[in-house]
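Here is the structure we will look at.
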Amino acid sequence: MRQSTNSRAGASSVSRRTLVNGGLALAATALTPFAARAQSIPGPLVDPAKALIGKMSESLLGDIAGPFVSGQILDFLGLGGETENYERYFAEIEKKLDDIQEHLDAIDTQIGTLRDNVERLTSDTAALSEKITDVTTQQLLGTFASKANFISENFASYQTAVAALGSSDKGSRRAGARQLYELFGANNARAISVAMRDIQDAFVPRVSERSGLLHYQGELIVAAITEYAADKNNMTIPKYNDITLPEQLHLREIPNDGGVWAFENIHSGSHRIAREKLDGVVADTMRAFVSAQLQGMVLLSSAWLGTINAPHLRDHIDRNKRILAEFGKFPASVAKRIDDTVAANLKRFGKPLGPPVATAANTVWSMFGDGDDPKTPWRSHKGNPLSNEYIMWQRSTTAEWKAWKLASVDTLVLVERPWQYDNCRTVQVHYKPSTSPPKCDGCGGELTSVQLQGLGKRSIPRFDKTVPKNLAFVRVFV
């Protein structure tokens, strides 16, 4: 906090009217019955300020926000009167202490909660910077962290002053009142305003051609799931359970020179990573933004409402409303980006069956059902009937071999064009090396065979748009 070293200058830079028209709760919603007793504060910006700070408080504090944004604290700070005199201000606080005393502890706790949110910012932005390291983004992260810390330091002074007002010692109460009085001085309030604006610009730049931290929250997720999809070690498949029975029947994992993989992991693994990011660093960084802006709005409302600086507060109200509306839309918009990225990665990294078996012209493919209809009659075909857009998907088990007294048999599932999500044709594959393949016109010699079981069409689930728990606070802004 930038405290004035000249008490007379400090007294002239902020009037009691500022404190009358300001205060923590003057910019807050009346969420408790005490609000009915709160005095009426004049000025056209009071209701918008109440609405915005009340909504931000609700998003961060939920049900415990009542005393923090109640009319009781408004009544406490809304003292009325015209005299620019600190002594009179303190005398009025003394008169009101009995009314607010029972709520001071709760208010102090909730102010501390907001400070804790901002104090987490450094580690949150550090986690973001590990994935996105370009110079511009690093500058945005640095601005975000330093400005939020400046606001938090001022809010810590506010918390200290409020706590001091609850002291049994008159000297401590007087010191708390003076700290509040000087906290709202013109120079310090202006510095808080600049810090708030810099944070807003870092998160959502005024110039549309630039990208801010809100955009990079999505980039963080896209980068993480693409890195995961590119690593084949994440696509390993469980060991195939080879089966050997009499009558020269052998069921083996289908030979594939490029390996047999579960590219379904691109889909499921990406969804898991995206949820973790949304519920972790993304939620934490957004919460830190809301917390910093809420603290700044509380301080500036106390300093500027009812003064010639009120139009600057209007700028903050309007800007925050626009940014918070983007927060509310973020989960749905990022879900589409996740779907698009997963689709692109499936197309880029997913592989079909290859040599030797899948490309051998003399392999007999025995088919029952197909990718359109699992009830298509049995038939045999020489050469692979599948297109290269049938991607190795996952290991599965089937109970269709009950006639052979097998409880289940491993099988490899292939999905055609899973990046389209809807109506994807699906088959499962059994490899049967055998010297007695099914009869096939034009087939002869000692051939191996592949059995296909058509599973019909399936839809690949898109990313679940349910908002993760830690990010649920943004739903308040929808």
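The values are calculated or read from the model by the stated rules, or taken from the named source; none is laboratory data. All values derive from a computational prediction rather than experimental measurement. Cβ placement follows ideal geometry from the backbone for every residue including glycine, while neighbour counts extend to all protein chains displayed.
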Item to check | The lone exception for ARG322 - which of (1) in contact with a strand residue (DSSP E or B) (Cβ under 8 Å, 6 or more places away or on another chain); (2) over 22 Å from TRP261 (Cα atoms); (3) touching a residue at least 60 places away in the same chain (Cβ under 8 Å); (4) among the basic types (Lys, Arg) it fails | outcome: (1)
Checklist entry - Which residue, of LEU180, LEU220, is under 30 Å from LYS336 (Cβ atoms) and assigned to a helix (DSSP H, G or I)? => result LEU220
Checklist entry - Of the numbered conditions (1) under 30 Å from PRO461 (Cβ atoms); (2) in contact with a helix residue (DSSP H, G or I) (Cβ under 6 Å, 6 or more places away or on another chain), ALA332 satisfies every one except a single condition; which is it? => result (2)
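Table: residues versus (1) farther than 18 Å from TYR216 by Cβ; (2) in a helix (DSSP H, G or I); (3) in contact with a helix residue (DSSP H, G or I) (Cβ under 8 Å, 6 or more places away or on another chain).
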position: VAL282; (1), (2), (3): no, yes, yes
position: MET286; (1), (2), (3): no, yes, yes
position: GLN295; (1), (2), (3): yes, yes, yes
position: ILE308; (1), (2), (3): yes, no, no
position: ASP318; (1), (2), (3): yes, yes, no
position: GLU326; (1), (2), (3): no, yes, yes
position: ARG337; (1), (2), (3): no, yes, yes
position: THR341; (1), (2), (3): no, yes, yes
position: ALA344; (1), (2), (3): yes, yes, yes
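Please work out if ASN149 is in contact (Cβ under 8 Å) with a residue 40 or more places away in the chain, on the phi < 0 side of the Ramachandran plot and in the same structural domain as LEU294 (by TED's automatic domain parsing).
Working: in contact (Cβ under 8 Å) with a residue 40 or more places away in the chain: no; on the phi < 0 side of the Ramachandran plot: yes; in the same structural domain as LEU294 (by TED's automatic domain parsing): yes.
In short, no.
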Checklist entry - Which members of region 187-210 meet the condition of being small (Gly, Ala, Ser), assigned to a loop (DSSP other than H, G, I, E, B) and in contact with a helix residue (DSSP H, G or I) (Cβ under 8 Å, 6 or more places away or on another chain)? => result none
Checklist outcome for this item: GLY258: passes all of (1) surrounded by fewer than 22 Cβ atoms within 10 Å (Cβ to Cβ); (2) in contact with a Phe, Trp or Tyr (Cβ under 8 Å, 6 or more places away or on another chain) but (2)
Next on the checklist: Restricting to region 161-174, count the residues that are out of contact with any helix residue (DSSP H, G or I) (no Cβ under 7 Å at 6 or more places or on another chain) and either at pLDDT 85 or above or under 15 Å from GLY212 (Cβ atoms) (or both).
Outcome noted: 3
Checklist entry - What's the number of the condition GLY354 fails, among (1) part of a loop (DSSP other than H, G, I, E, B); (2) free of Cβ contacts under 8 Å to residues at least 60 places away in the same chain? => result (2)
Checklist outcome for this item: Within region 318-358, the residues that are over 30 Å from VAL476 (Cβ atoms), small (Gly, Ala, Ser) and surrounded by 17 or more Cβ atoms within 10 Å (Cβ to Cβ) are ALA343, GLY350, ALA358
Next on the checklist: So LEU305 passes all but one of these: (1) surrounded by 24 or more Cβ atoms within 10 Å (Cβ to Cβ); (2) within 30 Å of ASN345 (Cα to Cα). Which condition number does it fail?
Outcome noted: (2)
Checklist entry - Of the conditions (1) surrounded by 17 or more Cβ atoms within 10 Å (Cβ to Cβ); (2) more than 30 Å from ALA360 (Cβ to Cβ); (3) over 13 Å from the mean Cα position of the chain (by Cα), SER268 fails just one. Which one is it? => result (1)
Item to check | Matching residues, region 351-396, being acidic (Asp, Glu) and within 23 Å of ILE237 (Cβ to Cβ) | outcome: GLU389
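Can you tell me which of LYS465, LYS432 is outside the structural domain of GLY54 (by TED's automatic domain parsing), at pLDDT 80 or above and of a type outside the set (Gly, Ala, Ser)? First the steps, then the outcome.
On the way: LYS432 fails: at pLDDT 80 or above.
None of the others qualify; the one that does is LYS465.
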